[in-house]
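The values are calculated or read from the model by the stated rules, or taken from the named source; none is laboratory data. Bear in mind the structure is a predicted one, so any value in this text is a computation, not a measurement. Cβ placement follows ideal geometry from the backbone for every residue including glycine, while neighbour counts extend to all protein chains displayed.
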Amino acid sequence: MPELKELGIVKEGEIVNFFVHREQYAYHAYDHGCEDCLKIVVAYLDCLKNFKLIVRSRSFTYIDQYRAKESGSNAADEVISEIFREPGGDSA
């Protein structure tokens, strides 16, 4: 995560472990009727404090590149607003 350190998003020691696994020619596909099972997974992941699902994973639909980037930007804005929210109140 050197890029995150360079941007000042994290400091040395804040990330304990990470990995990236890439599969050639891989793309997720959903079978008909799997939405209920995926909702269970999404509900669990929503409970994780430092984890955000964005549109492609959350909506069970394919979106174009512009919408994917917009969704990522919106997620980043949400994280930033949560970081700077005053305890017991709205954003500063």
Open item on the list: Looking only at region 40-51, how many residues end up being closer than 19 Å to ILE80 by Cβ and at pLDDT 75 or above?
Closed with: 4
Open item on the list: I'm checking my understanding of the structure. Among residues of region 52-73 that are surrounded by 13 or more Cβ atoms within 10 Å (Cβ to Cβ) and within 24 Å of GLU14 (Cβ to Cβ), which one is modelled with the lowest pLDDT?
Closed with: ILE54
- [ ] Report, ordered by the first and then the second residue, all pairs with beta carbons closer than 7 Å, sequence separation of six or more or different chains, a first member in region 73-84 that is of a type outside the set (Asp, Glu), and a second member that is assigned to a loop (DSSP other than H, G, I, E, B) and surrounded by 11 or more Cβ atoms within 10 Å (Cβ to Cβ).
- [x] ALA75/LYS52; ALA75/ILE54; VAL79/LYS52
